[in-house]
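The block underneath contains the structure these notes are about, expressed in structure tokens.
The values are calculated or read from the model by the stated rules, or taken from the named source; none is laboratory data. Here the structure is a predicted model, which means the values were calculated and not measured. Positions of Cβ are generated from backbone atoms using ideal geometry, with glycine treated the same way; all protein chains shown enter the neighbour counts.
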Amino acid sequence: MNCRGRLLSFEPALVMGILNITPDSFYAGSRKTIPREILKKASQMIDEGADILDIGAYSSRPGSVDISEKEEYARLVTALEIVRKNYPEALISVDTFRSGIARKVVGEFGVDMINDISGGELDSEMFDTIASLQVPYTIMHMKGNPANMREHTAYDDVVKEIVNYFSEKIHHLNKLGINDIIIDPGFGFAKTIEQNFQILSQMQAFGIFKQPMMAGISRKSMIYKTLEGSPMEALNGSTVLHTIALMKGACILRVHDVKEAREAVLLVNRMMDSGIS
């Protein structure tokens, strides 16, 4: 994948560290709003082996409060200035569904890729913007929006519907000249816990698109509710499901805990290299 002039390989799988510049993301350990905390967390993730930092300033947890584009951008500026100053070569993804934000962060901070939870559904200008920016684009499956997605979990066949969704979206993107695409089935976004596990068990089905596939499972409710715990207690469960996702074809893990995810990647890669299945 061409990432602003750098060729990005997905062998072995990459680890994307989550940096939320929000006061209300579902996992408290990912929330960093004070500059020194932002730098400390970014430094920790890079030191632990993060290949990409995914910076988000709009909470997408179920029932989250909407914020303006102005406020989202102001939060991002704080983090991007810190990361770019201290780690100018770091690969940065910005998690936003707004085309105006995408245009600004790429133009002003040289952001390397855009991660859109809505797949262009919440901003009709996003696809054209990505086509003009020519940066890698992560497209996720979601129905509705973060405020109401719990109301949109009815599927005849959740995996088949997501396959159809990506088929249409990728075709549209390709027609616009966008070829550097990462797909994300959207664990927890307009899906029940049972549907999330169904998607994970059939994740290899998305390999039909021959696009890099990202798994965003880290500390989510499919883990901590199944284990009758909390997001704070979901690290072990996250590592277990990350391991399964890797074996099902995921080549990017989007995570809160970089060290543990990196270890999962190395161990799964070692097993694959040995020829054991």
Can you tell me which residue in the stretch 58-112 is surrounded by the fewest Cβ atoms within 10 Å (Cβ to Cβ), limited to those that are farther than 28 Å from residue 191 by Cα and in contact with a Pro (Cβ under 8 Å, 6 or more places away or on another chain)? 78
Does the stretch 242-264 hold any residues that are of a type in the set (D, E, K, R), without any contact (Cβ under 8 Å) to a residue 60 or more places away in the chain and closer than 16 Å to residue 10 by Cβ, and which are they? 248
Filter the stretch 43-52 for residues that are out of contact with any Phe, Trp or Tyr (no Cβ under 7 Å at 6 or more places or on another chain) and in a helix (DSSP H, G or I); the one that is surrounded by the most Cβ atoms within 10 Å (Cβ to Cβ) is 45
Counting only residues in the stretch 2-22 that are in a loop (DSSP other than H, G, I, E, B) and touching a residue at least 12 places away in the same chain (Cβ under 8 Å), the one farthest from residue 216 (Cα to Cα) is identified as 4
Restricting attention to the stretch 153-174, the residues that are over 27 Å from residue 130 (Cα atoms) and either among the polar types (S, T, N, Q) or surrounded by fewer than 16 Cβ atoms within 10 Å (Cβ to Cβ) (or both) number exactly 4
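Give the residue, chosen from 143, 191, that is charged (D, E, K, R), more than 22 Å from residue 17 (Cα to Cα) and surrounded by fewer than 22 Cβ atoms within 10 Å (Cβ to Cβ).
Matching residue, one of 143, 191: 143.
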What residue, among those in the stretch 244-260 that are in contact with an Asp or Glu (Cβ under 9 Å, 6 or more places away or on another chain) and not acidic (Asp, Glu), is surrounded by the fewest Cβ atoms within 10 Å (Cβ to Cβ)? 259
Counting only helices (runs of 4 or more DSSP H) wholly inside the stretch 61-170, the ones holding at least 1 residues that are over 27 Å from residue 210 (Cα atoms) and of a type in the set (Val, Ile, Thr) are 69-86, 99-109
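Say whether the condition of being of a type outside the set (Asp, Glu), at pLDDT 95 or above and within 16 Å of the chain's Cα centre (by Cα) is met by at least one residue in the stretch 164-173. Step through it out loud before you land on a result.
Initially, the stretch 164-173 is screened for residues of a type outside the set (Asp, Glu), giving 164-167, 169-173.
Applying the additional criterion that residues be at pLDDT 95 or above yields 164-167, 169-173.
Applying the additional criterion that residues be within 16 Å of the chain's Cα centre (by Cα) yields 166.
Checking the stretch 164-173: at least one residue is of a type outside the set (Asp, Glu), at pLDDT 95 or above and within 16 Å of the chain's Cα centre (by Cα).
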Report yes if some residue within the stretch 217-229 is free of Cβ contacts under 8 Å to residues at least 24 places away in the same chain, part of a helix (DSSP H, G or I) and crowded, with 19+ Cβ neighbours inside 10 Å; otherwise report no. yes
So the check is Cβ under 8 Å with 6+ separation or different chains; which pairs have a first residue in the stretch 148-177 that's over 19 Å from residue 195 (Cβ atoms) and a second one that's of a type in the set (A, V, I, L, M) and not in a helix (DSSP H, G or I)? 169/139; 170/139; 170/181; 170/183; 173/139; 173/181
If you go through the stretch 12-35 one residue at a time, how many are out of contact with any strand residue (DSSP E or B) (no Cβ under 7 Å at 6 or more places or on another chain), of a type outside the set (A, V, I, L, M, F, W, C) and modelled with pLDDT under 90? 5
Please state which one of 38, 55 is part of a helix (DSSP H, G or I), free of Cβ contacts under 8 Å to residues at least 60 places away in the same chain and crowded, with 16+ Cβ neighbours inside 10 Å. 38
